[in-house]
Structure formats: C-alpha cells, structure tokens
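The values are calculated or read from the model by the stated rules, or taken from the named source; none is laboratory data. In this text, all values refer to a predicted model and were calculated from it rather than measured experimentally. Cβ coordinates were reconstructed from backbone atoms using ideal geometry, including for glycine residues, and neighbour counts include every protein chain displayed.
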Amino acid sequence: MMRIRTLALFSPLLALLLLQSNLYGQESEIKQIHAQREASNKALKNFDEVLNNTFMTDDVLITTGAGTLLSGKAELIEYIKNAKGPRMYWVRTANDVIVNPEAQLAWEEGTWEGYTEGAIIPVVGGKYAAQWTKKSGTWLIQSQLFVTLPND
C-alpha cells in the first residue's frame, strides 16, 4: 500500500519534470533556429549568397513570392544571378517556430520584407513558411514558401 501511495505522489512530479525537460529542449532548438535565421538574414543583407546557401540543404525547395518553384541550391543561385532590376535582399521575421525532436524537423512561419540595396523601407513583402531539418546535426532550411501580399 505504501508503494502505491508513493508512486501516486511521485508520478505527477516525474511527469512535470519530463515535460519541463522537453520544453527546455524545445526552447534550445527554437533558439538555434532563430540564430540560423538571423545569420541568414545578415548574409542576405550583405549580398553574401555563398554564406546564405550554407543555411539550406543541397536539395532545398523554394517557392518565390511570385510563385516560381526553385529546386536545389544550384537553381536558386541561377535564379538570383539572372534576376533583373535593382539588387534586393530579404528579411524574414519568424512569428512561430515549432520543433518535432523525434523527426528532427521544425516548422517556422512569419513575415518577410524585400528591400532594394541601400533602402530602409521595404518595397515588397508578405508571409512565409519554412521547414527545417536537423538530420545533418545542424538546423538547415529544407523548404520555404513565400507569398507576396499587399502592404498594410
């Protein structure tokens, strides 16, 4: 009888500790993704495509704000190289990141803004979603979807 009572008393405590441990693990993973996103934003602002590509998997899928699907880093590099008009960079701001530690995947969603070189006011923007993977040991972007929306 004493064992059952002890088990009944400590089971909720054990469950709470496991939940806190999982939440702390999630927080750590979320901070890593935010750090990767910030570094990617900085690389884009500096027009450092080589550095920016280190934040993506080789087979990354990107749907641009205009609906063009790009498959892989090589296609992304060509797309940027052949872009017409002024040089632009993009800033992505996450509203939410959710991590699935078992699958080593994460969901990120937020807003994006596009700036012409030297500008302080965005000329375009919208919403985005990204899938991250940690299969390599580092959080990398596996796919991104951008949708251009009217400025508010």
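Just one of the numbered conditions (1) out of contact with any Lys or Arg (no Cβ under 8 Å at 6 or more places or on another chain); (2) more than 21 Å from Asn52 (Cβ to Cβ) is not true of Gln104: (1). Within region 20-62, the set of residues being touching a residue at least 24 places away in the same chain (Cβ under 8 Å), under 13 Å from Ile141 (Cα atoms) and β-branched (Val, Ile, Thr) comprises Ile33, Thr57, Val60, Ile62.
Of all residues in region 114-132, those satisfying the criterion of being of a type outside the set (Ser, Thr, Tyr) and more than 11 Å from the chain's Cα centre (by Cα) are Gly114, Glu117, Gly118, Ala119, Ile120, Ile121, Pro122, Val123, Val124, Gly125, Gly126, Lys127.
The residues of region 124-152 that are over 12 Å from Thr64 (Cα atoms) and touching a Pro at 6+ places or on another chain (Cβ under 9 Å), listed by number, are Lys134, Asn151.
When Ile98 is tested against the conditions (1) out of contact with any Phe, Trp or Tyr (no Cβ under 7 Å at 6 or more places or on another chain); (2) surrounded by fewer than 15 Cβ atoms within 10 Å (Cβ to Cβ), the lone failure is (1).
Please specify each residue of region 82-94 satisfying the condition of being in contact with a strand residue (DSSP E or B) (Cβ under 6 Å, 6 or more places away or on another chain) and within 18 Å of Lys42 (Cα to Cα).
Met88, Tyr89, Trp90, Val91, Arg92, Thr93, Ala94
At least 3 residues being small (Gly, Ala, Ser) and at pLDDT below 85 is the threshold, and among the strands (runs of 3 or more DSSP E) wholly inside region 1-102 not one reaches it. Just need a number here: residues in region 78-113 that are over 19 Å from the mean Cα position of the chain (by Cα) and not polar (S, T, N, Q). So the count comes out to 10. In the set (1) over 16 Å from Trp90 (Cβ atoms); (2) of a type outside the set (A, V, I, L, M); (3) within 15 Å of the chain's Cα centre (by Cα), the condition left unmet by Ser136 is number (3).
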